[in-house]
Each structure stands twice: as structure tokens, then as C-alpha cells.
1. Just name the residue that is farthest from B:P279 (Cα to Cα) out of those in the stretch B:187-223 that are out of contact with any strand residue (DSSP E or B) (no Cβ under 9 Å at 6 or more places or on another chain) and open to solvent by less than 20 Å² (accessible area, probe 1.4 Å).
2. B:C367 - would you say it is among the hydrophobic types (A, V, I, L, M, F, W, C), facing another protein chain (nearest Cβ under 7 Å), out of contact with any Ser or Thr (no Cβ under 7 Å at 6 or more places or on another chain) and touching a residue at least 40 places away in the same chain (Cβ under 8 Å)?
3. Taking the criterion of being over 17 Å from the mean Cα position of the chain (by Cα), within 18 Å of A:F195 (Cβ to Cβ) and buried (at least 24 other Cβ atoms within 10 Å of the Cβ), would at least one residue in the stretch A:42-49 satisfy it?
4. So in the stretch B:435-472, with the set limited to residues that are surrounded by 15 or more Cβ atoms within 10 Å (Cβ to Cβ) and more than 7 Å from chain A (Cβ to nearest Cβ), which one is farthest from the chain's Cα centre (by Cα)?
5. Among the numbered criteria (1) more than 10 Å from chain A (Cβ to nearest Cβ); (2) open to solvent by 10 Å² or more (accessible area, probe 1.4 Å), which one does B:G406 miss?
6. Scanning for something more than 10 Å from chain B (Cβ to nearest Cβ) and touching a strand residue (DSSP E or B) at 6+ places or on another chain (Cβ under 7 Å), does the stretch A:102-124 turn up at least one residue?
7. Kindly state which helices (runs of 4 or more DSSP H) lie completely within the stretch A:158-272 and contain at least 3 residues that are open to solvent by 40 Å² or more (accessible area, probe 1.4 Å) and either at pLDDT 95 or above or more than 22 Å from B:G331 (Cα to Cα) (or both).
8. A:E139 versus (1) closer than 29 Å to B:H323 by Cβ; (2) part of a loop (DSSP other than H, G, I, E, B); (3) touching a Ser or Thr at 6+ places or on another chain (Cβ under 9 Å): which is the lone unmet condition?
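The values are calculated or read from the model by the stated rules, or taken from the named source; none is laboratory data. These numbers come from a predicted model, not from an experiment. Here the Cβ is made from the backbone with ideal geometry for all residues, glycine too, and neighbour counts use every protein chain on show. Ligands, DNA and RNA are excluded from the accessible area calculation, which covers all protein heavy atoms including side chains. Shrake-Rupley method; radii C 1.70, N 1.55, O 1.52, S 1.80 Å.
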Amino acid sequence: MNTPTETAGKPARARAPATVGLFATCLVDLFRPSVGFATAKLLEEAGCRVVVPDSQTCCGQPAFNSGDRADARAIAREVIATFEPFDYVVVPSGSCGGMISHHYPELLRDDPDWGPRARRLAAKTYELMAFLVDVRGLEGVKAKLDATVTYHDSCSGLRELGVKAQPRKLLGTVEGLTLNELPGAEECCGFGGTFCVKYPEISGRMVSNKVADIRATNADLLLAGDMGCLLNMAGRLKREGSTIQVRHVAEVLADMTDTAAIGDTAAGAGRR
Amino acid sequence: MEATSHRFKDNVHEALGDANLQASLAKIRSGFVPKRAAAAAALPEFETLRDQARDIKNHVLGHLDIYLERFAEAVEARGGKVHWAETAADARRIILDLARAGNARTITKSKSMVTEEIALNDALEKAGIEPIETDLGEYIIQLAKEPPSHIIAPAIHKTKEQVAELFLRHHGRYGKTERLTEPTDMVREAREVLRQKYLDADVGITGANFLVAETGSIILVTNEGNADLTLSLPKRHIVLAGIEKLVPTLEDASTMLRVLARSATGQEFSSYTTLVTGPKREGDLDGPEEFHVVLLDNGRSGMVGTEFQDMLRCIRCGACMNHCPVYGTVGGHAYGWVYPGPMGAVLTPALIGVEEAGHLPNASTFCGRCEQVCPVRIPLPRMMRAWRTREFERHLSPASQRWGLGVWAWFAKRPRAYRLVARTAAALLGRMGRSQGRLKRLPLAGGWTRVRDMPAPEGRSFVAAWKADGRPTEAPGAATARRHRGSAKEQGR
């Protein structure tokens, strides 16, 4: 998506400063503001000026995936208008990032005005991990966490945006952290947006199977890059009484793990 | 077969409670998936071949009329006969007429998922003709009186103990009364029972993996060799194939064959790849005296030129279902018709109607793994989404979903109202879940909280907190925007 010159591998501080519009996603906004702040910190450390437009809402995926094209288009136009002034748009979610960079152009393809604007926005929109490593050339982070972690590859980030090596590369530079790979890390956790509400029985079985794999890794902490998957897996882990903590990968990379993990309270935090 | 796709949720409930089925489904994950990955990794040009395979099928679909005519001419030039079946009923009638003209009492069958589509076995039985499935998997489910649950492994839902039980119950009349435990012994016993059936059959019916326009040949791919016996021993060979099975040349067919078995079973090639061109010729020692090809449309030509045309590229390898987390959780019977998994979720609504099969394209998380492994790169999630769009436009989706979606979209389009609600909801839910960090029950989210807790929000909305910190929320100045627009233009974006 980006031109080769953008990914020449120069260290971030050698780059021209860029103004990034942070698209926080509705789930981060509502459920996990700390992911938004961690994202902003990582972007600032990578030499970017971060702006969070307060007219952002949601990327429109629920409407798009439910077949409601008219609402999906209307929401897409809102997002485009809000974010097109920025050098880059960064999203701490592969699913919402994929919505903007893959599906907006398709959705507005036949619109003579919004079609080109959707394509321009798509070309400068990135999932957070891909942006840090592929665009800003980030080689590592200054973070410390004594924990054994495992990592789930969320589907849209993995298959629509090619996010696989980037988070692992950065996690490898976190002091004290050990990564135990999750068997079936590329298999869906059963969230699927409205899928988990429309087909709760299937979704429930899928997340149970996923959680069994997670528990078998003996990790203290589960990481992923998408709040939907994280809420789903954390919700199931907690229902099973597991003490495995759950966090967005950005929180660990930004060294912001003093808050309660997802689904925990500050008092109930603390590793096994 | 009778479709039960509209009862999808009931089918799912049953499947999730079936311990034998769940044990069988685990075999797919540990078997087909790593085998395909290894086969793909061992062939450096695999990705290029997938592109070629896609292009070949796209070319055929762009000129379907021409290639159908060419194929028909080539078949007839070699002494065969082509029959055109617009509907399933037409196909049944044509095949029954051919069977009766051959005085058939028993018919052996092989490689015939499409005969399930037209419910041929029922029709034959009603006409007093005994159909005998000869693919081992099809044979097993015929004994069990069940429909297939997978397109290349139709009995994958059965455990070996269940197969042993079926054989014990049905093979007694052939003098086989021992309860078997080893799969190899079961295969041997099925072979012995079927051997006589091949010799007795008056007609052999097969499907076709590919139809070759240039030569009028059909290509059959099996691992058991049963198709060869089915087509060569009886006097009459009837081929039933969908019109989308065409490829232009033998060269093209060889490209398709290189991706087929690798995608399906992880084999380089299957054990038998048989090309059949016309009936037995003068001087030939073996082969059928008559060679009939029944070309089935049954809704396929209606997909040409629509957003579902790409589905006609499908070569029925089953890779999408092997890699689908939903198929892997519920199995093929839940889908309620012949074609399960992601390919079924697109094809079934096209062939039997979205009113009947509307659940299928909805029961996907859009994880995209099906498209990732499809040998002909069918954009399966995109087409499932297209079905959802049709359902939405025709008001077929449930009212509660439409209502919920409408309310949510109203706010998503109005940032000020949205911010107010987000802020309130975050605070409210945060307070409800504060003591434990999660909610055990949440009104209107029973589907979620039945199996998992709802992690509680932190209690403030990110955008509101960011703004309260006095951090920037304004887009950069017009100058920045102009500069960016300029550079975007230069890059031709």
C-alpha cells in the first residue's frame, strides 16, 4: 500500500514529522480508553503528532456486514471527511483498519466525488502495528514486562492487512517478556462483530475452543490487536475463572500495563 | 435432497451436542489443514498456479456459450451424446429415460455430488432401480441413509466405530459377520462387497471434475479407482456435470489438476486421474458401448454476469470448508443441503433461494481463511456479504436486527449525539461492572453473556478523556491539507 521509499527502514527519528489522525474505534472509545492512550504514546514516540478528532464515531462495519449499504456509505463519508486532512490515519484495530482501507473504496466505487476520496484515504490508513514497523521503521520499544505472553492473530489484521510479523518483532524487544506461540493463532476466536450476537451458540463454542488453546500455552497474559477479539476471549476466560490477563498489544508496547487488564479490576489484577 | 437450511439454528444446536461429530471434526483440523499447507509449501509456483487456475475459469465463464457448444460437438464427434438439462427435474427425467432404455435394474455411481443436488437416488429408487454408491464415503452414508456432510469426504462426520457398526448391520447378507476395528479391514470388506455390484450394474453414473472443450473428454479424479470400474464395466456410461465444469483445453485441465488435489487432500495428485473420451471404439477391448453427458444448468447460468459469477469458478476441492472455523464447529449437515461450508454459503442461496438458505451467508465471522486457501481465489466473504445485502434490501433479515442496526446507525451518522451516548454508556456500564471488572449479565446481550462475561468499560470514553486532557482534536491547518492533497495527486493515488 505504501511506496517503497516510505519503508526504507530508516529509524523513526530520522523521518519528517507526520500528523496522524488517530481513529480510536468505537470499542476502544467505549470500553478501553487506555488502548487509545497507548496508541497515541507509541505514535508520538515514533515521531508523529497525534490528533484525535472528536467527530469520530464508528467505521460502519456493522452496517456494511449486515448488508445495509446506505448507512454504511453515509458513515464512510463521515469518516472520510473527518480524517482526510491528515498525513496518515492510524487505527489500533485490523478490522476497522481493513474496513477503511479495503471496503470504503469498494463501497464508494461508483461515486464520482467520494470514490476518489475513499481511495486516497484508504492509501494512507494503517493498522497500528503495520504503521509503526512498515511505515515508521520502528525497530523496537522501550518497555519492560516480566511475563509469559501469548498472541492471537486477529483475522482482518492478518488476512486483509498482513499484520503478523510486526507485533512479534516489537514484542521481542520488550524487556523480560517471553512469547509462547498460540497453537491455531490464525484461527478465528468466534467474535465476528454481529456474528457473536446472531449465532451465539456457534460463537460460544468457537471461543471456548480458542480459550482451551490459550490456557494450554501456560501464558500469564493474552495479547491481540483488536478489541472485539479481546473482549470475546477475555469474557470467556473470566467466565471460566481463569487468571490469565488480557490486554491489547499496544498497552504492553507502550509500557502502560499498570492499569487493570481487560475484564479485571485494579484490586483483582496481579498475575498468577 | 430435502433442504433444511432454514432450520440452520436447530441443526447447529444438534451438531454441537453430538460428541461423535465433534470428535470427527477435529480430524479435519489435524489432517487436511496441515497437509494442504505442506503441499502448497512444497510447490514454489503454487501461488502462480492459483492465478492461472482463476484466469482459466474466468475466461471460460466469459465465453461459456462458445465452450459449451465446442464441448458438445467434440463429444458427439467421438460417438457420445450430449443432453441439456435446464433444471434438476429435467436432469432426473433424462437420466431415468436413459436408464430405462438400458433396462437398468442396478446402477453404480461414483463422484457424484451433483447427483445429490438433483436428488437422483430417490428418483431412481422410486422407479425401481437400485443406485449403488461406490465412493467409500458415499457408500457409508448411503448405508446410514444420510446426506453427505462434506463434498470430498462425505462421511467425515462418522467415527470409525460408527462405520464398523453400519458394516456389521448391512454386510451380514454377504456373509460378513465380524465386527471390524481397523479402517484397512473396513476398506477391504467394502471393496469385496462392491466388486460384485460393479459386475452386475447395467449403467454407470459418474460426475466429472472437468469437461474439456477441445476434445470432448471428461476428467475424473479419485483415490479409490471406483470411478474407473463404474464407467468401464457397465454398457452405458452417463455423466452428470454442471455447466461450469468446462475448461478449454487439456493443457488448461492439467493446470487445474495441479491445484485440485493439493488444495483438497494435500496430495500432489490423487491416486487416479482418468480421462474419458467417448464410448468404446471398434477394436477396444473395454469400455461402455454408450457415452452420455448430461449438462446441468439448475440456476448456474443465472449467476453469470451477476456479483455471484465468481462462485462458478469453484472446483469443489473442499479447502474452504476444511479451513472454516464455523464448518469446523458445526459440520456439514448443519448447512442443510448438498454444499456446506463457505462455498455452500454462497452457492446454496443461488441454487435453492436466499429465502430458504439466508442463514448460511450470515453464519460467517468473515475471518477470510476460506478465500486465503481457495485454489481459484473466489472472494467468498465478499459474496456472502452480497447475499446479506440482498436480504437486507428485500427485508428478509430479522426485524429485531434491522431495528437495532437502525438505531445504532442513526447515532453513528450524528457525531454529537453519538459522543453524548458513548460518554453516558461508558460511565453507566463502567459503574455497573466496577466491582468485578466485568458483567455477568447484560440486558439485550443474552447471546453474549450466556457463554462469556462482558468486560466492563473503564468508565470514561476515550475521545472525551483525550479532550478533557486538552490534547489536540482539530485537524491540522488548511496548509497541511493542501500540501497533502498535492502530494497524493503526484503519487497518482
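1. Residue satisfying both the conditions and the ranking: B:E189.
2. Working: among the hydrophobic types (A, V, I, L, M, F, W, C): yes; facing another protein chain (nearest Cβ under 7 Å): yes; out of contact with any Ser or Thr (no Cβ under 7 Å at 6 or more places or on another chain): yes; touching a residue at least 40 places away in the same chain (Cβ under 8 Å): yes.
The answer is yes for B:C367.
3. No.
4. Only one residue fits best here, namely B:A464.
5. B:G406 satisfies every listed condition except (1).
6. No, the conditions are met nowhere in the stretch A:102-124.
7. Helices (runs of 4 or more DSSP H) meeting the threshold: A:165-171, A:200-216.
8. Result: A:E139 fails condition (1) only.
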